[in-house]
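Taking it in order: structure first as structure tokens, then the write-up.
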Amino acid sequence: MSSTMQIGNRTVDVLVGAHDLNNPTEFQQRVPVQWLPPLGWFNETSKDNDYSAFRINPVNLNDRVKPICLPDPTKDYTGLIAVTTGWGSFAEGGPSSSVLNEVEVVILTREECESYYPSRITMTMICAGYPEGGKDRCTGDTGGPLVVRDDDGTWVLLGLASWGDGCGQPNAPGVYFNFVQVAGIISGILPDLTNRTACDNASY
């Protein structure tokens, strides 16, 4: 029997299948979650290891709710176009959106990332964006996915929105937790996500 996770006096659920928060559809499901011990050690100052994990109650999979595939830890994804999504604001300090939005960004090399943020990038971080700015995740998008289409056509989770200097500023790309760093650990817990039979052809 599962128990719903508690943070203080609050019960925490996960909302899946949502698009417009003001207009729920039959695809949406609010699922209770259980806390799992973090797989890393988050550093609040440096934002190193900016991720955690949850065990959720069973979800009804459908055309709008499918698991994401894990990335290949041996592959170099730099230079590829990725997609990041969220209900955050369109500009720094602006209001959040009720409709899920997406933006395409380029996966940068570690050298490029470190040149924009000297002495601030750890091995658990990757950068995505453009030198000229203009396209970026923003306030309210933290924790959102950074996904890329792999060679076999499946979408894989490459990162999780973590931090950055402003939103869409020149020479200040978005910084994401590098999910490749824990793909091997996750695959040991959820082997179906490396098999790809459980996550291929997922709608996006």
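The values are calculated or read from the model by the stated rules, or taken from the named source; none is laboratory data. No experiment lies behind these values; they were computed from the predicted model shown. Cβ atoms come from the backbone with ideal geometry, glycine included; neighbour counts cover every protein chain shown. Surface areas here come from the heavy atoms of the whole protein model, side chains and all, with no ligands, DNA or RNA. Shrake-Rupley method; radii C 1.70, N 1.55, O 1.52, S 1.80 Å.
Which number in (1) in contact (Cβ under 8 Å) with a residue 60 or more places away in the chain; (2) touching a Leu at 6+ places or on another chain (Cβ under 8 Å); (3) outside any strand (DSSP E or B) marks the one condition that Ser52 misses?
If we test Ser52 against (1) in contact (Cβ under 8 Å) with a residue 60 or more places away in the chain; (2) touching a Leu at 6+ places or on another chain (Cβ under 8 Å); (3) outside any strand (DSSP E or B), just (1) comes out false.
Might you check whether a residue that is within 26 Å of Asn43 (Cβ to Cβ), modelled with pLDDT under 95 and surrounded by fewer than 21 Cβ atoms within 10 Å (Cβ to Cβ) occurs anywhere in region 96-105?
No.
Residue by residue through region 144-166, note down the ones that are surrounded by fewer than 16 Cβ atoms within 10 Å (Cβ to Cβ) and more than 19 Å from Cys69 (Cα to Cα).
Those that are surrounded by fewer than 16 Cβ atoms within 10 Å (Cβ to Cβ) and more than 19 Å from Cys69 (Cα to Cα): Asp165, Gly166.
Are there any pairs, at least 6 apart or on different chains, whose C-beta atoms fall under 9 Å, with the first in region 9-32 and assigned to a strand (DSSP E or B) and the second of a type in the set (Lys, Arg), and if so, which?
Correct list of pairs: Asp13/Arg30; Val14/Arg30; Leu15/Arg30; Val16/Arg30; Val16/Arg64.
Which one of Lys66, Lys47 is under 19 Å from the mean Cα position of the chain (by Cα), at pLDDT 90 or above, open to solvent by 50 Å² or more (accessible area, probe 1.4 Å) and among the basic types (Lys, Arg)? Break it down stepwise before answering.
Details: Lys66 fails: at pLDDT 90 or above.
Step by step, each of Lys66, Lys47 is checked, and only Lys47 is under 19 Å from the mean Cα position of the chain (by Cα), at pLDDT 90 or above, open to solvent by 50 Å² or more (accessible area, probe 1.4 Å) and among the basic types (Lys, Arg).
Which residues, taken from region 109-143, are surrounded by fewer than 19 Cβ atoms within 10 Å (Cβ to Cβ) and under 18 Å from the mean Cα position of the chain (by Cα)?
Selection gives Thr122, Met123, Lys135, Thr139, Gly140, Thr142, Gly143.
Could you list, in sequence order, all residues of region 85-114 that are assigned to a strand (DSSP E or B) and among the β-branched types (Val, Ile, Thr)?
Thr85, Val99, Val103, Val105, Val106, Ile107, listed by residue number.
Could you run through region 61-84 and say how many residues are in a loop (DSSP other than H, G, I, E, B) and touching a strand residue (DSSP E or B) at 6+ places or on another chain (Cβ under 8 Å)?
Qualifying residue count, region 61-84: 8.
With the requirement that a residue be under 22 Å from Ala128 (Cβ atoms) and of a type in the set (Asp, Glu), what does region 38-91 give you?
Result: Asp48, Asp50, Asp72, Asp76.
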